[in-house]
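Single-structure report; data block below.
The values are calculated or read from the model by the stated rules, or taken from the named source; none is laboratory data. Everything numeric here is computed off the predicted structure, so don't read it as measured data. Reconstructed Cβ throughout: ideal geometry from the backbone, glycine too, with neighbour counts over all protein chains shown. Note: areas computed on protein heavy atoms with side chains; ligands, DNA, RNA excluded. Shrake-Rupley method; radii C 1.70, N 1.55, O 1.52, S 1.80 Å.
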Amino acid sequence: MGQKPAATRSLRKNATDVLAREREVAKTKAINALLIRPIAILPTEVGDPIRPFALGLWNEIRPLLKPDISVTALRKVMATYVHSRSYQIAVARPGSLRHDINGAPVGPVSDADRLDAQEKYEGLKERDGSRSRKSPPPPPSPTSKAAVIRAGLLKLKDTER
């Protein structure tokens, strides 16, 4: 009966930080496990803020990759984080700022990036079925006995008489 976590509230109603949940912390632990040292921009505990990355941050993260790990593996775990619903909400929030590798703000998220994040978030909601579901389409009008049976309007037993 309480309020929803900040990460699930409407994008337009609340301009506060989006806070990491267990799933985001798990993703960031996976990222840091591939690096020679953890990066400070990532949330490390439940309740830490999710901060949008500075543009070009990949160029600072890539050199931190452990020697035995492929770049592809790092790209995949980074993608799961930056394409997540919570990260997209953090980018889409009015007044959100981009942050450097150490977590320091470096500038605002552009209006174009904010709009793009809102569209991605809406797409995630639609794909996940978070929006109100439409009623299923009506069954096709039956034109034959077989169509009536397939539509479930008539049982096979009833037609054998």
message: Give me the helices (runs of 4 or more DSSP H) completely within the range 49-109, filtered to those with at least 2 residues that are over 19 Å from the mean Cα position of the chain (by Cα), ordered by residue number.
response: 58-61, 71-82
In the range 25-45, the residues that are farther than 20 Å from Ala117 by Cβ and touching a strand residue (DSSP E or B) at 6+ places or on another chain (Cβ under 8 Å): Leu34, Leu35, Ile36
- request: Evaluate the following for Arg37: is it in a loop (DSSP other than H, G, I, E, B) and closer than 22 Å to Ala92 by Cα?
  value: no
- prompt: Only one residue in Ile69, Ile36 is modelled with pLDDT of 95 or more, over 21 Å from Asp100 (Cα atoms), aliphatic (A, V, I, L, M) and open to solvent by 40 Å² or more (accessible area, probe 1.4 Å), so which one is that?
  reply: Ile69
statement: Scanning the range 97-121 residue by residue, those within 22 Å of Ala40 (Cα to Cα), out of contact with any strand residue (DSSP E or B) (no Cβ under 7 Å at 6 or more places or on another chain) and of a type outside the set (A, V, I, L, M) turn out to be Asn102, Gly103
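Residue by residue, here is whether (1) over 17 Å from Ala30 (Cα atoms); (2) open to solvent by 40 Å² or more (accessible area, probe 1.4 Å) holds:
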{"position": "Gly56", "(1), (2)": "yes, yes"}
{"position": "Pro63", "(1), (2)": "no, yes"}
{"position": "Leu74", "(1), (2)": "no, no"}
{"position": "Gln88", "(1), (2)": "yes, no"}
{"position": "Val91", "(1), (2)": "yes, no"}
{"position": "Arg114", "(1), (2)": "yes, no"}
{"position": "Leu124", "(1), (2)": "yes, no"}
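Condition first: assigned to a helix (DSSP H, G or I), modelled with pLDDT of 90 or more, surrounded by 13 or more Cβ atoms within 10 Å (Cβ to Cβ) and more than 16 Å from the chain's Cα centre (by Cα). Can you find one or more residues in the range 6-24 that meet it? First the steps, then the outcome.
Our first condition is that a residue be assigned to a helix (DSSP H, G or I); within the range 6-24, this holds for 6-8, 22-24.
Going one step further and asking which of them are modelled with pLDDT of 90 or more, we end up with 22-24.
Restricting the remaining residues to those that are surrounded by 13 or more Cβ atoms within 10 Å (Cβ to Cβ) gives 23-24.
Next, from what is left, pick out any that are more than 16 Å from the chain's Cα centre (by Cα): none.
No - not one qualifying residue is present in the range 6-24.
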